[in-house]
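The values are calculated or read from the model by the stated rules, or taken from the named source; none is laboratory data. Keep in mind the model is a prediction, meaning the values are calculated, not measured. All Cβ positions, glycine included, derive from the backbone under ideal geometry; neighbour counts span all protein chains shown. The area values use the complete protein model at the heavy-atom level, side chains included, leaving out ligands, DNA and RNA. Shrake-Rupley method; radii C 1.70, N 1.55, O 1.52, S 1.80 Å.
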Amino acid sequence: MEGPDRTWESPDYEPSLPVSEKSNPLTRDIDQASAIGIVRMLQACDGQMFEEDTAVKYQRLLSKQVVQTLVEVAKRVELILKDPQDSLVVLSGCGTSGRIAFLVASRFSRRLKDVNQSSVYSYIIAGGDRALLSSQEAPEDDAKLGRLMLKEACEGKKRVVFIGVSCGLSAPFVAGQLDFCLRHPEVFTPVLVGFNPAHQARDEPIEGCTFTFRSVVQRMLELAQSQRAFIISPAVGPEAISGSSRMKGGSATKILLEVILSTAQAAAFSRAPLTETVTLQYLLAYKNAVDVTYSRTEQISTLVEAAGKSLRCGGRVCYLGWGTLAVLGLIDASECNPTFGADYEDIRGFIAGGYVELDNNEGPLTSLGPDFSISHEEFFRSVLPSLTDRDTVLLLYTHSDDLGEVAALARRVRERTSSLHAIYHRGGGDNAATDRQEVIDNLCSSALKISWPSPQTRISVHMQWELSTKLLLNAISTGGHVLKGKVYRNHMVDVQVTNSKLYRRAARLLQKLSGHPKSRCEEALLKAIYQSEQLTSAIPLSDVRAHTVAANHRSRVVPLALILLLTNCSLKEAESRLEQQPIIREVVVVCLS
Ligand code: F6P
């Protein structure tokens with residue numbers, strides 16, 4: 001049998017890029033693949049998360065050193081759980097990293113409540129709670145904001161374990177928080193979670209700061225020797241869509257945070273030993289969840305096909321879920337705008353119980369606009385009446401949800417669209433098909449039902465279901481957009497350019513695809529951002545922040561810039577080309593040929 005493809009690990013493979021930004025050789029042709037081909041590529045790509053390390057090149061998820069650090073961090077959390085007075089465990093990040101921080105902090109707070117323990121977990125997401133449901137990329141660049149939000153969350157606390165997540169070891173928001181922790185070692189134990197080796201941390205100057213992400217990491221590495229700071233940064237391989245850290249980055253973040261908190265909680269309240277062996281067993285339980293999920297390749301491809309069909313013909317994809325599976329639906333939907341330039345209506349999530357069930361810090365956000373309406377009632381009110389066969393609806397639930405309610409909802413949706421599908425998780429002993437489940441099955445055109453054996457470890461089976469659902473939804477939304485032509489090779493060509501990381505990524509992509517020098521590519525990008533045939537001195541080339549602010553109000557800037565570079569035409573002509581051929585991939589292919 002062939003071994004895994006480890007091309008990306010070679011020192012010659014895209015040497016200037018950190019792992020999280022490299023393009024994955026496994027998905028180079030994803031834009032030309034069929035639905036099942038896409039799913040197989042994603043399977044291979046996700047499988048890289050659990051590959052073993054070879055020699056010393058990269059630490060991996062299952063590496064001994066990573067497992068050891070997880071145990072040490074869990075011990076710090078255990079201490080806080082046993083003596084919660086004036087103490088806190090803070091999980092923080094930007095974009096998906098912050099959303100996963102929210103999901104994990106909420107789950108474990110609920111668990112503490114269930115056993116009458118005081119809550120010690122708190123989350124921070126750059127841009128506040130609105131970023132849970134929509135893309136807020138600019139705050140990611142704001143180190144000062146990160147520090148202020150952390151300071152506020154920890155007011156009066158005497159002991160804090162701070163876990164900052166930045167998949168690319170790159171977000172200034174998180175760097176600002178870690179720097180703050182390092183300046184107050186009497187209170188804070190800083191922990192960094194990400195998926196690049198420490199020496200690949202971003203070294204770009206941060207506005208208003210004397211530190212870079214890399215210099216913060218270097219300070220942490222020094223303290224790590226005496227266990228006063230911790231860095232957990234295994235490589236999980238390049239993302240299936242280059243730089244899309246919502247995928248493997250988000251999954252691995254969920255795994256690491258849950259392993260730390262699960263083992264700490266088991267040690268604090270059930271006297272379960274906190275050892276490397278136990279920690280490794282937890283990690284392997286997640287590997288099993290990935291394997292179980294991808295054993296349904298055919299069924300997943302049916303869902304990808306349905307999503308692709310809807311998106312291609314201007315239809316919508318709606319996730320209607322219950323509990324934390326619905327939260328994963330909301331998260332997945334929120335990521336499609338920055339990744340694929342999608343409209344908020346293209347893929348939307350809804351949760352039974354709305355904001356009461358979401359239980360976020362800031363409460364209901366409905367007043368922020370229609371894209372913040374998330375309850376099933378809102379779905380009935382604002383989406384159902386206009387639903388047609390062009391739209392796809394996906395139900396997300398488990399055997400512990402109210403199947404009567406699921407069936408009732410399925411009935412109403414089925415009256416409007418035949419593209420109704422279900423993802424359903426159930427526990428091992430529960431194989432009996434209830435009448436209600438049969439009703440749902442009959443209403444759906446496909447139902448992906450996964451029966452899970454009871455886990456060997458103390459890991460909650462719900463956390464496996466969640467990871468499984470995350471993989472499925474990532475496959476559906478990514479695959480759907482690939483089929484819609486939103487990806488060229490394995491690059492997001494219609495990415496938003498709304499923070500410095502995305503701006504740099506866009507400029508690099510333009511260089512790669514056009515072969516023109518950096519300065520010419522940036523010029524084209526700026527022409528597209530400022531809608532200007534001629535750049536004037538009023539637009540200072542080096543002010544990336546101003547460019548990302550301006551890009552906030554523009555769409556399709558990267559495709560426009562690419563056409564400018566490839567055809568040497570005017571901005572007007574480039575715009576008209578895009579009007580005539582809205583399938584971005586086709587435009588790129590034509591221009592390149
Ligand atoms: O800037 C956008 C984004 O790439 C999101 O898609 C991602 O979730 C977020 O940044 C956070 O990135 P990181 O975890 O690498 O800091």
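Residues that are at pLDDT below 95, closer than 27 Å to V317 by Cα and under 31 Å from the mean Cα position of the chain (by Cα) within region 416-436 comprise just one, R426. Has region 492-502 got at least one residue that is free of Cβ contacts under 8 Å to residues at least 40 places away in the same chain and surrounded by 13 or more Cβ atoms within 10 Å (Cβ to Cβ)? No, there is no match, as no residue in region 492-502 is free of Cβ contacts under 8 Å to residues at least 40 places away in the same chain and surrounded by 13 or more Cβ atoms within 10 Å (Cβ to Cβ).
Once region 503-533 is narrowed to residues that are open to solvent by 60 Å² or more (accessible area, probe 1.4 Å) and within 24 Å of L169 (Cα to Cα), the residue that is nearest to the ligand (Cβ to nearest atom) is R504.
In region 202-241, how many are in a loop (DSSP other than H, G, I, E, B) and within 11 Å of the ligand (Cβ to nearest atom)?
Of all residues in region 202-241, those in a loop (DSSP other than H, G, I, E, B) come to 202-212, 225-229, 233-241.
Now drop any that are not within 11 Å of the ligand (Cβ to nearest atom), which leaves 202, 239, 241.
The number of residues fulfilling the criteria is 3.
I'd like the full set of residues that are of a type in the set (D, E), within 13 Å of the ligand (Cβ to nearest atom) and out of contact with any Lys or Arg (no Cβ under 9 Å at 6 or more places or on another chain), limited to region 136-172.
D142
In the set L91, L103, L133, L81, which member is within 15 Å of the ligand (Cβ to nearest atom) and closer than 16 Å to T189 by Cα? Exactly one residue qualifies, and that residue is L91. Scan region 249-271 residue by residue and report those that are within 15 Å of the ligand (Cβ to nearest atom) and of a type outside the set (K, R). Scanning region 249-271 gives G249, G250, S251, A252, T253, I255, L256, L257.
Listed conditions (1) outside any loop (DSSP other than H, G, I, E, B); (2) at pLDDT below 95 are all met by N116, apart from (1). The set of residues from region 173-205 being touching a Lys or Arg at 6+ places or on another chain (Cβ under 8 Å), more than 29 Å from K57 (Cβ to Cβ) and either of a type in the set (A, V, I, L, M, F, W, C) or modelled with pLDDT under 95 (or both) comprises F180, V187. Residues that are out of contact with any Ser or Thr (no Cβ under 6 Å at 6 or more places or on another chain) and farther than 17 Å from L472 by Cβ within region 419-439 comprise G427, G429, D430, N431, A432, A433, T434, D435, R436, Q437, E438, V439, listed in sequence order.
Is it the case that R246 is in the same structural domain as G95 (by the TED database), within 16 Å of the ligand (Cβ to nearest atom) and assigned to a loop (DSSP other than H, G, I, E, B)?
Numbers: in the same structural domain as G95 (by the TED database): yes; within 16 Å of the ligand (Cβ to nearest atom): yes; assigned to a loop (DSSP other than H, G, I, E, B): yes.
Considered against the rule, which asks whether it is in the same structural domain as G95 (by the TED database), within 16 Å of the ligand (Cβ to nearest atom) and assigned to a loop (DSSP other than H, G, I, E, B), R246 comes out as yes.
Quick test for you: out of G243, G208, pick the one residue that is in contact (Cβ under 8 Å) with a residue 12 or more places away in the chain and within 30 Å of V487 (Cα to Cα). None of the others qualify; the one that does is G243. Is there a residue being in a helix (DSSP H, G or I), open to solvent by 40 Å² or more (accessible area, probe 1.4 Å) and within 17 Å of E575 (Cα to Cα) anywhere in region 534-543? No, there is no match, as no residue in region 534-543 is in a helix (DSSP H, G or I), open to solvent by 40 Å² or more (accessible area, probe 1.4 Å) and within 17 Å of E575 (Cα to Cα).
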